[in-house]
1. Could you run through region 333-360 and say how many residues are among the charged types (D, E, K, R) and either crowded, with 17+ Cβ neighbours inside 10 Å or touching a residue at least 24 places away in the same chain (Cβ under 8 Å) (or both)?
2. Over 22 Å from the mean Cα position of the chain (by Cα), surrounded by 11 or more Cβ atoms within 10 Å (Cβ to Cβ), at negative phi and modelled with pLDDT under 90 - does that describe any residue in region 302-309?
3. So GLN124 clears everything in (1) without any contact (Cβ under 8 Å) to a residue 40 or more places away in the chain; (2) exposed (fewer than 15 other Cβ atoms within 10 Å of the Cβ); (3) not small (Gly, Ala, Ser) except one condition, right? Which one?
4. Out of all the residues in region 260-276, is one or more of a type in the set (D, E, K, R), assigned by TED's automatic domain parsing to the domain that holds LEU193 and either without any contact (Cβ under 8 Å) to a residue 12 or more places away in the chain or out of contact with any Gly (no Cβ under 6 Å at 6 or more places or on another chain) (or both)?
5. For region 1-45, name all the residues that are farther than 11 Å from CYS68 by Cβ, modelled with pLDDT of 80 or more and either hydroxyl-bearing (Ser, Thr, Tyr) or not assigned by TED's automatic domain parsing to the domain that holds ALA63 (or both).
6. Checking the conditions here, which among VAL226, VAL213, VAL245 is surrounded by 14 or more Cβ atoms within 10 Å (Cβ to Cβ), more than 53 Å from the chain's Cα centre (by Cα) and either farther than 19 Å from LEU352 by Cβ or in the same structural domain as GLN389 (by TED's automatic domain parsing) (or both)?
7. Got a sec? Which helices (runs of 4 or more DSSP H) wholly within region 15-97 have at least 2 residues that are among the charged types (D, E, K, R)?
8. Only one residue in ALA240, ALA195, ALA199 is in contact with a Pro (Cβ under 7 Å, 6 or more places away or on another chain), at pLDDT 85 or above and surrounded by 12 or more Cβ atoms within 10 Å (Cβ to Cβ). Which one?
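The values are calculated or read from the model by the stated rules, or taken from the named source; none is laboratory data. Owing to the predicted nature of the structure, the values given are computational and were not obtained by experimental measurement. Cβ: placed from backbone, ideal geometry, glycine included. Neighbour counts: every protein chain shown.
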Amino acid sequence: MKNQWIEFLTGRVTVKVSGRGIERFLNVLTRNGLMIWNVKRHGTETITFTMRLADALKIRHYARERECSISFLKRAGMPFLFKRLLKNSGFVAGALLFFLLIMFLSNVIWGIEIKGAKPATEYQIRKELDKMGVKVGKIQFFVDNVEGIQRELTNKIGSLTWVGVELKGTTYQLQVVEKKEPEKPEQLEPRNLVAKKKAIIASMFVEMGQKVVDINDHVEAGQLLVSGVIGQEGQTQQVAAVGEVWGETWYKSHVELPLITNFFVFNGQEKQKHSLIIGNLEIPIWGSGDPEFKEYEAEKNIKKINFLKWELPISFSNETLRAREETTRTYSTKEAEKIALELAKNKIKTGLDEEAIIKDEKILHKELKNGKVILDIHFKIIENIAVGQPIPKETPE
């Protein structure tokens, strides 16, 4: 079986042979190792066949010995294609330059669309985008990816609740959701204020309603604090009780902190690797090979290459390898206790209102076990314990 690819690369020709004794001529070619195929007879003294270009250069000698005339009808394969390309090198260079120019222009930012933002916010967004290099005329390879742009805008512009960034062709499209202005106070239905948990009343501020407890009173969860029924007997009315009742509440926290902790830190060394991705094939361009450091974290950023509005199966990859070192952090027992106490405070604060304050803390149990400091801590918290509870409607007798 003939290898079609080899024939294309080396070149092949179709030969016409005329004269007497063409059968003997074919036998001579075969005996001398010249491969021929597609042999066809045209009359009694003419045949055509196909052979390799390298063998075609040898057959004139055998043709003269057999009184045959030869001519070449058709040439095909890479050598002839390359020769034609050289003749038309100007056209090929122009076409290649045009293709590269179109590809270059397809990867330039030509538009930035922002939807859902007020004019002032849009101006601020465009100003931040300009600082990040996201502007018309900039090559997409040299700007951050859409996730990075989205994260940067959200961190820098406080008036944004959410921003979605999407790259469509050569245009960045941003969908913005701004923070809503404070809503007007809603009209409350008649209600009481009751305790949401067990506490000792520390202070009170009643804007509307009748208080039914005093400072230092001990209250249970669900107990009435401020009544929404005001007025004298026989002339009462129901209102929405409004106010704050600050009470002393109690929490317990359990914390364990190792005295010795191993973790990784970056040491500042890094290696950049650039490659071209075609389908599933990744071709290194620069920075190939393993880094000098053994421990590292890799961050890979892939940029798609566009041609007009189409996304080509070709990407440019930039991978950053950051060296890291394992380090050991050791605490003394006192240091571990102090840090564990701070961790416990932070843990408690996550479940409290922003206005709540820690009044006091007391270590109930302290233990050093298995290389860990173990603390059980009791906290006294001052927080607003009042929550609204609708006043039941009276049913007519």
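1. Within region 333-360, the subset among the charged types (D, E, K, R) is 334-335, 337-338, 342, 345, 347, 349, 353-355, 359-360.
From the residues that got through so far, the ones that are either crowded, with 17+ Cβ neighbours inside 10 Å or touching a residue at least 24 places away in the same chain (Cβ under 8 Å) (or both) too are 337, 345, 347, 353, 355, 359.
The total comes to 6.
2. Yes: one or more hits.
3. Exception for GLN124: condition (2).
4. Residues of region 260-276 of a type in the set (D, E, K, R): 270-271, 273.
Within this subset, residues satisfying the condition of being assigned by TED's automatic domain parsing to the domain that holds LEU193 are none.
Within region 260-276, none of the residues are of a type in the set (D, E, K, R), assigned by TED's automatic domain parsing to the domain that holds LEU193 and either without any contact (Cβ under 8 Å) to a residue 12 or more places away in the chain or out of contact with any Gly (no Cβ under 6 Å at 6 or more places or on another chain) (or both).
5. If the condition is that a residue be farther than 11 Å from CYS68 by Cβ, modelled with pLDDT of 80 or more and either hydroxyl-bearing (Ser, Thr, Tyr) or not assigned by TED's automatic domain parsing to the domain that holds ALA63 (or both), then THR14, THR30 are the ones that fit.
6. Details: VAL226 fails: more than 53 Å from the chain's Cα centre (by Cα); VAL245 fails: more than 53 Å from the chain's Cα centre (by Cα).
Answer to the check: VAL213.
7. On the way: elements: 22-31, 53-56, 59-65, 78-87.
Where helices (runs of 4 or more DSSP H) fall fully within region 15-97 and carry at least 2 residues being among the charged types (D, E, K, R), they are 22-31, 59-65, 78-87.
8. On the way: ALA195 fails: in contact with a Pro (Cβ under 7 Å, 6 or more places away or on another chain); ALA199 fails: in contact with a Pro (Cβ under 7 Å, 6 or more places away or on another chain).
Exactly one of ALA240, ALA195, ALA199 is in contact with a Pro (Cβ under 7 Å, 6 or more places away or on another chain), at pLDDT 85 or above and surrounded by 12 or more Cβ atoms within 10 Å (Cβ to Cβ), namely ALA240.
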